[in-house]
Amino acid sequence: VCVCVCVTNHPCEGEMPTPTEIANQIFTVLKIANEKDDSRTEEATNGMLEYAFGHIHMLKGLDEKQRIASIWHLVELGGLPLIINILDVAHPAFSMGMTLIGMLFKDENLLSHKLGKRVFSNEKFLPAIEKGMFVSKDGMMPLLVSQVLHNTMKTASSDQLRKIAEFGGVVKQTIALLKENPVGKDDWRLLFVTVDMLLLWETANAHAILDEQKHFLVVLELLSPSKRSVLEQHEPLLNRALALLFLWGMRTRHSKDEKIKAERDRLFSYVRKLKESLPEAFTLPEEVDGKKPPGPHQAATTVNICIALDELSQGVEESAFPLHLTLKSRVKNWEAIEKDAEKKVRSPEFEKMCQDQMKMKEQAEQMKKGPMNLLSSSESSSSEDDENNAEENSTGEKKKVKKKTKKKTKTKKENTEEGKSSNDKKKEELQEEKSTGEQQSSKEHTDALKEAAKIKTEGTTYFRGKMYKDAKEIYEEALLALQQLPQEDADANAERAKLYGNCAECCLRLSQYEEAIGFCNKALSCDKSFVKAHFRKAKALKAKDQVEDAVCEVKKALTIDPSNKAAVKMLRELREGTEDNDKEKKGETEEEK
């Protein structure tokens, strides 16, 4: 009955339903699809799916806020497990389930991250994905399934990514799809999705499973002369492949395995060939005015990775190591990497180039103005002399003398006025230069602080997601943004102290107590009154059973902030612990006696 009603009330007819109504109708179809009914005809099933896809099409047409509202309502109704139940390849509604899962992760936002946790906690999801990834007669099926897994992986934490990598044969099947590409040799979509998934696993430190499956060999083949044409045509795929191989190359740079060394040499030989066939990928963007975007293969990340790989092949790691940290921390949001990398590529050389050109233009304009001013002043002085000569010829000798004396006094006055005006001009120019210098330095100051704050916010996001290692790396990156500011800068020191304190907290969560103490000491060298640094140092000392030192640090924190509840509580716990230890020691000595 439900199916008949669904088909007769087609969504394309009549008024557009609300987001809630769309969710309700999709949920109704999902409930029917999950019911086992042998009497249901193929025609009824097709009608049900047609009706569902009509509503999914309307869901796609909604704006982001409405789509989120509709999806969240569907989830609250209990639609997510119903979608996962029909992800079995043998299920007639499989395509509907995959399309819906793809819709759930269409927008990467807080909702998709919440959904990601729910999807990965469902035991049926990964087995269904693994089964769907196997190459079938329909080459598009593995692409659809891989795209779904890829979208969900972009919302996953490092721990979840490692669990996915360790599940069954997901990684093995991903590499098989990358190798075979059943969609077609010239179709780059499946290549892109599979390479990007391997890159996500690489950044999540799922190294053991990746190396076991020898992922780097398959990706290296993409750089070979016979297959490189696909990469050269699609710069996003080139970026991912190079990034993956770059991270692998950085990770294995100290390896003594002869086979690994041979593969690294092959990577570097391919990079050298790529440099010959695609030199624009190894050069900085040529646009000086900043108006035109870089060419397809002058995308800043490609430039950075290519240069870093080139340096790495020569045993240089100056720009390779910072890029390694940047890529590891930001692979999930590739657009942000590209924008950030483009800034890094263009500065400071790009800004310096622009400033030098501006100075040259100003100097040229001054040179043009200078001769004209001299010419006008000489013309005016010559005309004045002519007039004076005419007057001298018409009058007597007395007038001549008077005029000469007047002229002398006049020229003296003019000279003194000119001298004063030139001095004033010089003073004004010096003041202007001073003010522009101060403005530039203040701009650099604020820009550096803003950049550090921006990176710190990203680190905090990783910290809240309990990805403490990644968070620490990003906080250290934020500290690098403050390097250009002087050590005596109060604002920069306050920000440095906070970042060092955040690094210390990450180390505490990772049980790296010695490193945590080091970060606390650095924080206190920037700001002696930073209470959190004293408190975190005390926590690290307590974990190392250095109770007396921990008490000392807590007392220091309380001298700065006596009302700090956490510090008061910790001091009480430390004292109680020392008292208990003293009692135990006394009991032991009495027993010995």
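Tell me, which residue of segment 244-261 that is in a helix (DSSP H, G or I) and free of Cβ contacts under 8 Å to residues at least 24 places away in the same chain is surrounded by the most Cβ atoms within 10 Å (Cβ to Cβ)? Result: ILE260.
Within segment 185-222, the residues that satisfy the criterion of being of a type in the set (Val, Ile, Thr) and touching an Asp or Glu at 6+ places or on another chain (Cβ under 9 Å) are THR203, ILE209.
Taking segment 147-194 as the range and being at pLDDT 85 or above, in a loop (DSSP other than H, G, I, E, B) and open to solvent by 60 Å² or more (accessible area, probe 1.4 Å) as the test, only PHE167 passes. Among the residues examined, ILE32 does not qualify as modelled with pLDDT of 80 or more and within 23 Å of VAL193 (Cβ to Cβ).
In summary, LEU510 fulfils each of the numbered conditions (1) of a type outside the set (Phe, Trp, Tyr); (2) at pLDDT below 90; (3) surrounded by fewer than 15 Cβ atoms within 10 Å (Cβ to Cβ) with the single exception of condition (2).
Residues of segment 21-76 that are over 18 Å from ALA93 (Cα atoms), acidic (Asp, Glu) and in a helix (DSSP H, G or I): GLU21, GLU64, GLU76. What number of residues within segment 42-60 are open to solvent by less than 80 Å² (accessible area, probe 1.4 Å) and over 22 Å from HIS73 (Cα atoms)? Of the residues in that region, 3 qualify.
Within segment 482-502, the residues that satisfy the criterion of being outside any loop (DSSP other than H, G, I, E, B), closer than 22 Å to GLU515 by Cβ and open to solvent by 40 Å² or more (accessible area, probe 1.4 Å) are LYS498, TYR500. Please verify whether segment 457-472 includes one or more residues that are open to solvent by less than 60 Å² (accessible area, probe 1.4 Å), in a helix (DSSP H, G or I) and of a type in the set (S, T, N, Q). Checked segment 457-472: at least one residue is open to solvent by less than 60 Å² (accessible area, probe 1.4 Å), in a helix (DSSP H, G or I) and of a type in the set (S, T, N, Q). Inspection of segment 262-284 identifies at least one residue that is at pLDDT 75 or above, among the β-branched types (Val, Ile, Thr), surrounded by 15 or more Cβ atoms within 10 Å (Cβ to Cβ) and in a helix (DSSP H, G or I). Would you be able to say whether some residue in segment 242-260 is over 18 Å from ALA308 (Cα atoms) and of a type in the set (Val, Ile, Thr)? Yes, segment 242-260 contains a residue that is over 18 Å from ALA308 (Cα atoms) and of a type in the set (Val, Ile, Thr).
The values are calculated or read from the model by the stated rules, or taken from the named source; none is laboratory data. Just so we're clear, the structure is a prediction, and the values are computed from it rather than from any experiment. Every residue, glycine as well, gets a Cβ built from its backbone with ideal geometry; the counts of neighbours run over all protein chains shown. We work out accessible area using only protein heavy atoms, side chains counted, and drop any ligands, DNA or RNA first. Shrake-Rupley method; radii C 1.70, N 1.55, O 1.52, S 1.80 Å.
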